[in-house]
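These notes are about the structure you will find just below.
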Amino acid sequence: MKALGVGWAMQDAMYLEGDRRLAAHGEKMIERMPPLNTALRVGVRIGAGTDAHRVADYNPFIALRWMLDGKSASGRTLRASHEIPTRLQALKMYTAGSAWLAKEDHLRCTLEVGKWADLAVLSKD
């Protein structure tokens, strides 16, 4: 993927499907699903999203939490800790990575004069 200059549009399908895939494929098969840190380490560009209503919810905080804890909706830990990104890496995949995939990184993804921006002010953690 890196050599071809293509990126990966990662989605959080395992949040809802993880328990079913665990039963079908076993723990060794799914502990690297998806191999986020492996991809980052070799230089693959990743954009994160949800593909909402097909496999997941629109809520980006559900997807971000899943990226950071590797747990299914039932609360079962599926992904091994060596494939869990940092908070900053997850946020960059969701913002800059997705902008790059959409070929809009010149318009959005960083707070700079002339770029588009949305701002959310949260009232609690």
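Every read-out reported here was derived from the displayed coordinates using simple, explicitly stated rules and does not represent laboratory data. What you see is a predicted model, and the numbers here were worked out from it, not measured in a lab. Cβ coordinates were reconstructed from backbone atoms using ideal geometry, including for glycine residues, and neighbour counts include every protein chain displayed.
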Amide proton proximity set for Lys71, modelled H, under 5 Å, gap of 5+: Leu78
Dipole of the chain, positive direction: furthest Cα of His25, Ser72, Trp116, with charges on the beta-carbon: His25
Taking 0.36 nm per residue of separation between Ile84 and Val113 and subtracting their Cα-Cα distance, the length gained on full extension comes to 7.2 nm
Could you pull out the chymotrypsin sites (Phe, Trp or Tyr not before Pro) across region 45-125 that fall in loop regions by DSSP (anything but H, G, I, E, B) with no more than 13 other Cβ atoms inside 10 Å? Tyr58, Trp116
Under the rule of at least 5 residues apart or a separate chain, name every residue whose amide H is placed under 5 Å from the amide H of Arg45. Trp8
Quick one: how many lysine pairs does the chain have with C-alpha atoms less than 22 Å apart and a gap of 8 or more or different chains? Give me the count, please. 8
